[in-house]
1. Residues that are outside any helix (DSSP H, G or I) and within 18 Å of L186 (Cα to Cα): does the stretch 77-99 have at least one?
2. Just the residues that are among the β-branched types (V, I, T) and either in contact with a strand residue (DSSP E or B) (Cβ under 9 Å, 6 or more places away or on another chain) or modelled with pLDDT under 95 (or both), please, taken from the stretch 37-66.
3. Could you please give the count of residues in the stretch 81-127 that are in contact with a Leu (Cβ under 9 Å, 6 or more places away or on another chain), surrounded by 17 or more Cβ atoms within 10 Å (Cβ to Cβ) and modelled with pLDDT under 85?
4. Which of the residues spanning the stretch 34-51 are among the aliphatic types (A, V, I, L, M), surrounded by fewer than 21 Cβ atoms within 10 Å (Cβ to Cβ) and in contact with a Leu (Cβ under 9 Å, 6 or more places away or on another chain)?
5. Condition (residue is of a type in the set (G, A, S), surrounded by 14 or more Cβ atoms within 10 Å (Cβ to Cβ) and at pLDDT 75 or above) applied to the stretch 170-181: is it met by at least one residue?
6. Which members of the stretch 22-47 meet the condition of being assigned to a loop (DSSP other than H, G, I, E, B) and either touching a Ser or Thr at 6+ places or on another chain (Cβ under 6 Å) or not polar (S, T, N, Q) (or both)?
7. Between a residue in the stretch 33-49 that is farther than 16 Å from A104 by Cα and hydrophobic (A, V, I, L, M, F, W, C) and any residue that is surrounded by fewer than 17 Cβ atoms within 10 Å (Cβ to Cβ) and modelled with pLDDT under 95, which pairs come within a Cβ distance under 8 Å, given they are 6 or more apart or on different chains?
8. Only one of (1) of a type in the set (A, V, I, L, M); (2) touching a helix residue (DSSP H, G or I) at 6+ places or on another chain (Cβ under 9 Å); (3) surrounded by fewer than 20 Cβ atoms within 10 Å (Cβ to Cβ); (4) modelled with pLDDT of 85 or more is not met by A190, so which one is it?
Amino acid sequence: MQYPSTASAPVTSAIVAATADSLPQQVQALARARSFAEPLLASELLDTGENILAHADAVAAILKDIGGSEAMQAAAYLVYACQYLNRPQEVISKAFGENFAALAMETTKLVQLQRQARIKAEEVQNRKTEERQAAQDAALPVVSATKAPVSELAASQTENVRKMLLAFSRDLRVVMLRLASRLQTLRYFANAKGDPGLAMASESLHVFAP
């Protein structure tokens, strides 16, 4: 499926410009990073069901499309490799330098925080659905065990993720990598005609889209 270019978006262009020289340019960094990550990622899947290497390939392509440097494209592979390394910061630093290692670790940290927030939001939504179904089966009014309406809890989770993104926004490279990753995830669901789930859809709309 062909997608429209994202290179003209003014906010994206500003982020690209601000990160243009933020990573040291290395000879064949992109090819090296992909070769480094491929054996770690080729058979692994994201929570969405998408192959991780395919996701990283697509993220790198998005970064290229918006004018991201080859070094930023290389970083996309290193981010996803982190969780499959015993000592990721040490290993990546030795292979690619401290700047790449720090960026990969910071981005991975945000990925993990976002995932935890989504899981919690999904648990709240599932509990609410179960309560509603149980009440309907018993022909009783719905009385939630949660202290706040699900919409309020979802809004709270969204705000927490927004705060996380803002906290990491001091390093625009992290923001750039996460925006590209989320765009690819949405494209994956659109292509597969799948359901991303309420938590991810809400996060995409209220955190990433603004």
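The values are calculated or read from the model by the stated rules, or taken from the named source; none is laboratory data. Predicted model, so just to flag it, every value in this text is computed and none were measured. For neighbour counting, all protein chains shown are included, and Cβ atoms are generated from backbone atoms with ideal geometry for every residue, glycine included.
1. No; the residues of the stretch 77-99 include none that is outside any helix (DSSP H, G or I) and within 18 Å of L186 (Cα to Cα).
2. T48, I52, I66
3. Qualifying residue count for the region: 4.
4. Residues of the stretch 34-51 that are among the aliphatic types (A, V, I, L, M), as a first pass: 37, 40-42, 45-46.
Next cut, surrounded by fewer than 21 Cβ atoms within 10 Å (Cβ to Cβ) only: 40, 42, 45-46.
Of everything in the stretch 34-51, those that are among the aliphatic types (A, V, I, L, M), surrounded by fewer than 21 Cβ atoms within 10 Å (Cβ to Cβ) and in contact with a Leu (Cβ under 9 Å, 6 or more places away or on another chain) turn out to be L40, A42.
5. Step one: list which residues in the stretch 170-181 are of a type in the set (G, A, S), which gives 180-181.
With surrounded by 14 or more Cβ atoms within 10 Å (Cβ to Cβ) added as a condition, the list becomes 180-181.
Cutting the leftovers down to at pLDDT 75 or above gives us 180-181.
For the stretch 170-181, residues of a type in the set (G, A, S), surrounded by 14 or more Cβ atoms within 10 Å (Cβ to Cβ) and at pLDDT 75 or above: present.
6. Of all residues in the stretch 22-47, those assigned to a loop (DSSP other than H, G, I, E, B) come to 22-28, 42-44, 46-47.
Once the filter is applied, which keeps residues that are assigned to a loop (DSSP other than H, G, I, E, B) and either touching a Ser or Thr at 6+ places or on another chain (Cβ under 6 Å) or not polar (S, T, N, Q) (or both), the stretch 22-47 yields L23, P24, V27, A42, E44, L46, D47.
7. none
8. Failing condition for A190: (2).
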